[in-house]
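**Student:** Next up is a structure, given as C-alpha cells.
Please treat every number below as a calculation from the coordinates, not as lab data. The shown structure was predicted, so the numbers you read here are calculated from the model rather than taken from an experiment. Note that each Cβ is placed from the backbone with ideal geometry, even for glycine, and that neighbours are counted across all protein chains shown.
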Amino acid sequence: MDETRQILRELIDLGRSLEPVTVAVCHACSEVSLRGAVEAAQAQLIKPVLVGPPAKLQAIADNGGIDISSYRLIATDHSHESAARAVALCRSGECEALAKGSLHTDELMREVVNPNTGLRTERRISHVFLMEVSTYPKMLMITDAALNIYPTLDDKFHIVQNAIDLAHALGIPQPKVAILLAVELVDTKILSTIDAAALCKMAERGQITGAIVDGPLAFDTAINLKAAQIKGLVSPVTGVADILVVPDMESGNMLAKQMECLANARAAGIVLGARVPIILTSRAESAETRLASCAVAVKLAHATRQRLAGGINSL
C-alpha cells in the first residue's frame, strides 16, 4: 500500500488516542448513518446521543443487526425536531460535536445557523475535505466544496482561517495555503483573482494568521513543483500546498469528486466555524472515511476544551 493511503488511518488513530467525546447524532434514520455512529462508538471515538424517532431507529437497528441498547436516545417525531434538539444539545454543552444522520444537509444547517438558537459564532461556517491521494505525499485539504456557494471576500477570509486553524489542530504548525484559480496573474476581468491577491495581502499584514498564503495559483502549480518551475513561479507554496482554497462551491465539489473518482482519493469531511465541529457524511462513504471524519471532530473538540481551559475564546 502506498504511504499516502495511511492518512485516514492516522487520523483515526489520533482520535482514538483521546478521550471519546459526546456527539449528538441527528436523525440517523438509515442503516448507513446509524451503523456509522455505532461503529464510531465501538472504535472508542465518540459517545453517541441518538436523536430521532425511537420506533424508527429501533426498527432500523433490528433490521441491520445493530445493537443500540446502550446508547442514550432523545425522542423526536420528525427530522425538523431532530435537528432542533441535536443543535440544542450542542448549544447547551451536553454534546461537544454534531453529526448529520439521514436528513438533508440544508435541514440540519438551517438549525445550526439560526441566529437565536443555533451554533453560529463570529466566524463564517465552512467545510473542509481532508483528502488522502495516492499521488500526493501528504494530506491535502480542500475548502470550501460543500457549503458556501459563491463566497465573498469576507467569506473567503473566514474559510481560509478556519482551514488554517484545523491544520494547526492536526499538528501542521504553518500550513501552506494555495488560493486556486485558473490563472496565476491578477486579472481585473476575473474578479476572483483580485480576491486572491487581497487574501495574500491580508496574510502578509497579519489579518490571516498561522500560514503561508499564495495565489492566485492554478491547480498544477499548487501541487506540482515542476509545473511551477516551467511557468517561472517562485513561491514557498507551489508544489507543496497543504490547503487548496477554491473560488466557489461548484468548482471545489467537482475537484474533490474528480480526485475521488479518477485519482482513487478518499476524503474525510468536517464543518468548521460553529460552536462545535459538525460531521457531515454521505451514503457513499466507506466505514474508514466515516471514522476519520469522527476522529477529526474528536481532535477539534479536545482543542476547544484546551482553549476554554486556558481562557481563550477565539476559534
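**Student:** What is the range 126-270's relative contact order, in percent, from Cα pairs under 8 angstrom and six or more apart in sequence?
**Tutor:** Over the range 126-270, the number comes to 36 percent.
**Student:** Only Cα pairs within less than 10 Å get springs; with that Gaussian network setup on the chain, which residue of V296, V23, V38 has the largest fluctuation?
**Tutor:** Taking springs between Cα atoms under 10 Å, the residue moving most is V38.
**Student:** If you stretched the chain out fully between A55 and E204, how much longer would it get, using 0.36 nm times the residue separation minus the C-alpha to C-alpha distance?
**Tutor:** Extra length available between A55 and E204 comes to 48.1 nm.
**Student:** Let me spell out the model: positive unit charges on the Cβ of Lys and Arg, negative unit charges on the Cβ of Asp and Glu, origin at the Cα centre of the chain. What dipole size does that give, in debye rounded to 20?
**Tutor:** 440 debye
**Student:** Still on this structure: Across all directions of projection, what mean area in square nanometres is found for the Cα convex hull of the range 126-270?
**Tutor:** Mean orientational projected area (the range 126-270, Cα hull): 7.9 nm².
**Student:** Taking 45 Å as R0, compute the FRET efficiency from the Cβ-Cβ separation of A182 and S286 and round it to 0.05.
**Tutor:** 0.90
**Student:** Something else about it: Take the Cβ-Cβ distance between S69 and E19 as r, set R0 to 25 Å, and report the resulting FRET efficiency rounded to the nearest 0.05.
**Tutor:** Once the sixth-power term is evaluated, E becomes 0.65.
**Student:** Set the bar at 21 Å for Cα to Cα. Now go through K138/K257; K138/K299; K138/K201; K100/K156 and name every pair that lies beyond it.
**Tutor:** Going by Cα-Cα distance, K138/K201; K100/K156 fall outside the 21 Å limit.
**Student:** Moving on to the next point. Testing the spin-label approximation: label points 7 Å from Cα along Cα→Cβ at D220 and N264. State their distance in nm.
**Tutor:** 2.4 nm
**Student:** Which residue, T209, T193, T238, tops the fluctuation ranking in a GNM of the chain built on C-alpha contacts under 10 Å?
**Tutor:** Comparing T209, T193, T238 in the GNM, the peak value goes to T209.
**Student:** For the chain, calculate the relative contact order in percent as a whole number, restricting contacts to Cα pairs under 8 Å that are 6 or more residues apart.
**Tutor:** Result for the chain is 23 percent.
**Student:** Kindly provide log₁₀ I(q)/I(0) values, in the same order as q = 0.13 Å⁻¹, from the Debye equation applied to equal alpha-carbon scatterers of the chain.
**Tutor:** For the chain, the Cα-only Debye profile gives -0.91.
**Student:** Could you tell me whether the range 14-61 comes out rounded, prolate or oblate from its Cα gyration tensor? Rule is a ≥ b ≥ c as square roots of the eigenvalues, rounded for a/c under 1.5, then prolate if a/b exceeds b/c, otherwise oblate.
**Tutor:** The shape class here is prolate.
**Student:** Sort Y150, Y71 by Cβ crowding within 10 Å, fewest neighbours at the top.
**Tutor:** Y150, Y71
**Student:** If I model a spin label as a point 7 Å beyond the Cα along the Cα-Cβ vector, how far apart are those points for K231 and I194 in nm?
**Tutor:** Placing both labels 7 Å along Cα→Cβ, they lie 2.2 nm apart.
**Student:** For F129, F157, F219, what's the fewest-to-most ordering of other Cβ within 10 Å of each Cβ?
**Tutor:** With the fewest neighbours first, F129, F157, F219 line up as F219, F157, F129.
**Student:** Okay, next question. For the chain, with a Gaussian network of springs between Cα atoms less than 10 Å apart, report the residue from N224, N63, N114 with the top mean-square fluctuation.
**Tutor:** Evaluated over the chain, the most mobile residue of the options is N63.
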